[in-house]
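J.: Questions regarding the structure given below will be posed in turn.
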Amino acid sequence: MPRTLCLLHANCQGEALRPLLENTPAFARMFRVRGYVNYTREALERKDLRDCGLFLYQRLGSRWGDLATERVLPRLSPDCRHIEIPNFFFKGYWPLWTHAQGIDFADSLLEELLARGLAPHEALRLYLRAGPRLLGDVAAVAEESLREAEKREAACPVRCAPLLRERWREEQMFLTVNHPGTALLFHLADGLLRLLGLGGLPETARRAYRHPDGDFWLPLHPALGDLLGLPFARRDRRYPIFATALTHQEYTSCYLACRDQGAASLVAFLRGLPDGFRPAA
């Protein structure tokens with residue numbers, strides 16, 4: 001019996017979810033998955049929309065044109081089941097993260113210190129010693145981000161924000177601001193499978209899972225350990241940074257070196273670090 005086509009229309013979070021579904025035997029027997037990356041504006045093929053029996057999607061607004069959810073859903077077959085999934089984002093662990101242009105994972109305080117004309121070593125010293133006066137109301141930033149997460153998934157049948165709110169202080173639930181960790185992905189996959197009547201996420205799929213973004217964890221400022229009660233925001237913790245593992249201080253030194261050299265991409269800079277790299281003190 002031929003399997004039904006499942007379209008997964010999402011950002012990189014869809015690629016993190018996909019292997020959990022495909023490694024669930026009950027799902028794999030019923031569906032074959034084709035992924036479309038939404039933020040690259042990859043066009044949805046007419047034939048795929050016509051043949052699709054299950055459409056898993058992250059909502060896109062009208063500014064996305066033909067890819068906007070309101071324009072895609074009417075193009076599906078009347079028999080196609082469509083399920084909205086959350087678009088994950090959380091600033092609670094990185095209250096200084098900003099969309100500022102010029103560097104990946106821009107840090108508003110570091111950028112402010114550099115804009116004042118401080119040398120990289122001076123900026124690093126002030127940044128590492130920063131307390132509430134420089135960091136701001138980090139608890140308020142976390143609460144605002146939690147509320148935004150709840151708002152984002154209000155129309156989703158499987159909700160992950162309650163789990164995030166319950167557990168975000170006791171275990172790290174995100175790798176970066178937009179890369180959810182395994183606990184949230186497992187919760188989403190389990191909920192989707194149950195919604196489809198397929199019995200939930202099996203233990204075999206959990207054990208076999210390797211997070212596709214697990215080679216880069218954005219380090220947390222150690223001051224958040226005390227300010228937010230995060231036991232994993234330790235000064236001596238080493239975070240996976242592609243081929244190496246760095247403390248928050250070492251990562252920040254690399255950030256500042258990247259800015260000082262005028263490198264176009266922090267991610268490319270970090271990817272180029274050799275195995276076991278340690279920046280000079």
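J.: With respect to the numbered conditions (1) more than 17 Å from the chain's Cα centre (by Cα); (2) surrounded by 21 or more Cβ atoms within 10 Å (Cβ to Cβ), which one is the sole condition not fulfilled by His179?
T.: (1)
J.: Within the group Leu220, Leu175, which residue is over 20 Å from Phe27 (Cα atoms) and either without any contact (Cβ under 8 Å) to a residue 12 or more places away in the chain or out of contact with any helix residue (DSSP H, G or I) (no Cβ under 8 Å at 6 or more places or on another chain) (or both)? Reasoning before the result, please.
T.: On the way: Leu220 fails: either without any contact (Cβ under 8 Å) to a residue 12 or more places away in the chain or out of contact with any helix residue (DSSP H, G or I) (no Cβ under 8 Å at 6 or more places or on another chain) (or both).
From the options Leu220, Leu175, the qualifying one is Leu175.
J.: Can you pull out every residue in the range 18-36 that is surrounded by fewer than 21 Cβ atoms within 10 Å (Cβ to Cβ) and under 19 Å from Arg207 (Cα atoms)?
T.: Scanning the range 18-36 gives Arg18, Pro19, Glu22, Asn23, Pro25, Ala26, Ala28.
J.: Restricting to the range 24-45, count the residues that are more than 15 Å from Ala68 (Cα to Cα) and either modelled with pLDDT under 95 or in contact with a Lys or Arg (Cβ under 9 Å, 6 or more places away or on another chain) (or both). Don't jump to the end; show me each part of the working.
T.: Narrowing the range 24-45 to residues more than 15 Å from Ala68 (Cα to Cα): 24-35.
Imposing the further condition that a residue be either modelled with pLDDT under 95 or in contact with a Lys or Arg (Cβ under 9 Å, 6 or more places away or on another chain) (or both) reduces the set to 28-33, 35.
Number of matching residues: 7.
J.: For the structure I just gave you, tell me whether Leu114 is free of Cβ contacts under 8 Å to residues at least 40 places away in the same chain and outside any loop (DSSP other than H, G, I, E, B).
T.: Numbers: free of Cβ contacts under 8 Å to residues at least 40 places away in the same chain: no; outside any loop (DSSP other than H, G, I, E, B): yes.
No.
Yes or no, residue by residue, for (1) loosely packed, with under 12 Cβ neighbours inside 10 Å; (2) farther than 27 Å from Arg159 by Cβ:
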position: Arg59; (1), (2): no, no
position: Ser62; (1), (2): yes, no
position: Gly65; (1), (2): yes, yes
position: Leu76; (1), (2): no, no
position: Asp79; (1), (2): yes, no
position: Gly102; (1), (2): yes, yes
position: Leu126; (1), (2): no, yes
position: Ala130; (1), (2): no, yes
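J.: Kindly list, by first and then second residue, each pair from a residue in the range 224-236 that is under 17 Å from Thr252 (Cβ atoms) to a residue that is of a type in the set (S, T, N, Q) and surrounded by 13 or more Cβ atoms within 10 Å (Cβ to Cβ), limited to pairs with Cβ atoms under 8 Å and residues at least 6 apart or on different chains.
T.: Every condition considered, the pairs that remain are Arg235/Thr247; Arg235/Gln249; Asp236/Thr247.
J.: With the requirement that a residue be under 18 Å from the mean Cα position of the chain (by Cα) and within 18 Å of Phe232 (Cα to Cα), what does the range 129-162 give you?
T.: Within the range 129-162, Ala142 is the sole residue that qualifies.
J.: Sticking with this structure for a sec: Is it the case, given these coordinates, that Pro157 is touching a helix residue (DSSP H, G or I) at 6+ places or on another chain (Cβ under 7 Å), surrounded by fewer than 18 Cβ atoms within 10 Å (Cβ to Cβ), in a loop (DSSP other than H, G, I, E, B) and not small (Gly, Ala, Ser)? Lay out the reasoning, then the answer.
T.: On the way: touching a helix residue (DSSP H, G or I) at 6+ places or on another chain (Cβ under 7 Å): yes; surrounded by fewer than 18 Cβ atoms within 10 Å (Cβ to Cβ): yes; in a loop (DSSP other than H, G, I, E, B): yes; not small (Gly, Ala, Ser): yes.
The answer is yes for Pro157.
J.: Out of Leu73, Leu60, Leu44, Leu67, report the one residue that is in contact with a Ser or Thr (Cβ under 7 Å, 6 or more places away or on another chain) and either farther than 30 Å from Gly229 by Cβ or of a type in the set (Val, Ile, Thr) (or both). Spell out the reasoning first.
T.: Working: Leu73 fails: in contact with a Ser or Thr (Cβ under 7 Å, 6 or more places away or on another chain); Leu44 fails: in contact with a Ser or Thr (Cβ under 7 Å, 6 or more places away or on another chain); Leu67 fails: in contact with a Ser or Thr (Cβ under 7 Å, 6 or more places away or on another chain).
One residue alone meets the criteria, Leu60.
J.: Which of the numbered conditions does Asp190 fail, given that it passes all the others? Conditions: (1) in contact (Cβ under 8 Å) with a residue 12 or more places away in the chain; (2) under 18 Å from Gly14 (Cα atoms).
T.: Going through the list (1) in contact (Cβ under 8 Å) with a residue 12 or more places away in the chain; (2) under 18 Å from Gly14 (Cα atoms), Asp190 breaks only (1).
J.: Enumerate the strands (runs of 3 or more DSSP E) found wholly within the range 1-97, keeping only those where 1 or more residues are touching a residue at least 40 places away in the same chain (Cβ under 8 Å) and of a type in the set (A, V, I, L, M). Break it down into steps so the answer makes sense when it comes.
T.: On the way: elements: 4-10, 31-37, 52-57, 81-84.
Ranges flagged: 4-10, 52-57, 81-84.
J.: All but one of (1) touching an Asp or Glu at 6+ places or on another chain (Cβ under 9 Å); (2) buried (at least 18 other Cβ atoms within 10 Å of the Cβ) hold for Ala149; state the number of the condition that does not hold.
T.: (1)
The values are calculated or read from the model by the stated rules, or taken from the named source; none is laboratory data. Predicted model only: the values in this text are computed from it and were never measured. Note that each Cβ is placed from the backbone with ideal geometry, even for glycine, and that neighbours are counted across all protein chains shown.
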